[in-house]
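The values are calculated or read from the model by the stated rules, or taken from the named source; none is laboratory data. Computed from a prediction, not measured in an experiment: that's the story for all the values here. Virtual Cβ from ideal backbone geometry, glycine too; neighbours counted across all protein chains shown.
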Amino acid sequence: MQADLDIYVICAFESLERGQAMAFSLSRVMDDGATRPFSIFIVRTEKDQCVGYVNVCPHKGAWLNIGDGKFFSEDGRRLRCGRHKSEFDVETGVCVKGPCVDKVIEPVALVVMDGDVCLCGVKLAEEEISDDDELDETMEIMIHPG
Ligand code: FES
């Protein structure tokens, strides 16, 4: 039998600009019950798909948007890390240039439902939902400046 799947609304799909990324600071409940900061970013690709990643560079663990707040390379075609300038394929998260070639930014599982981008596959700490009501009122999401 399949376990219940927790799904969390993160943002409206239309709030994301095509070709842009948005960062979210969440809290994740780990398997041992501890709560940890969980920083992710979501990209609306040029093909109008949504992809999401944990905001941790696979090279040395920096936020990708460290420094100038940007997620994209100068030409806008790849994700990039502000620390040592690794560049990553937008749709796969694979590093294609820089000091961690072939390493991958950890993806997060997203679904788009009723116009909302939703996160699944993890347990978030803000979730206090008891099956019945007020799904929309229980989320608290902070957005990184920039
Ligand atoms: S920490 Fe991202 S490229 Fe070094």
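The set of residues in the stretch 14-23 that are crowded, with 19+ Cβ neighbours inside 10 Å and either at pLDDT below 95 or closer than 16 Å to VAL56 by Cβ (or both) comprises ALA21, ALA23.
Here's the yes/no breakdown for (1) more than 24 Å from CYS120 (Cβ to Cβ); (2) under 15 Å from the mean Cα position of the chain (by Cα):
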residue	(1), (2)
ALA12	no, yes
LEU26	no, yes
MET30	no, no
CYS57	no, yes
GLU74	yes, no
CYS81	yes, yes
LYS97	yes, no
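Scanning the stretch 25-66 for residues that are away from the ligand (no atom under 11 Å from the Cβ), loosely packed, with under 12 Cβ neighbours inside 10 Å and assigned to a loop (DSSP other than H, G, I, E, B) yields ASP31, ASP32, GLY33, ALA34, LYS47, ASP48. Among residues belonging to the stretch 67-100 that are aromatic (Phe, Trp, Tyr) and crowded, with 21+ Cβ neighbours inside 10 Å, point out the one that is farthest from the ligand (Cβ to nearest atom). Checking each candidate, the answer is PHE71. Inside the stretch 14-24, residues that are assigned to a loop (DSSP other than H, G, I, E, B) and within 13 Å of the chain's Cα centre (by Cα) make up a count of 1.
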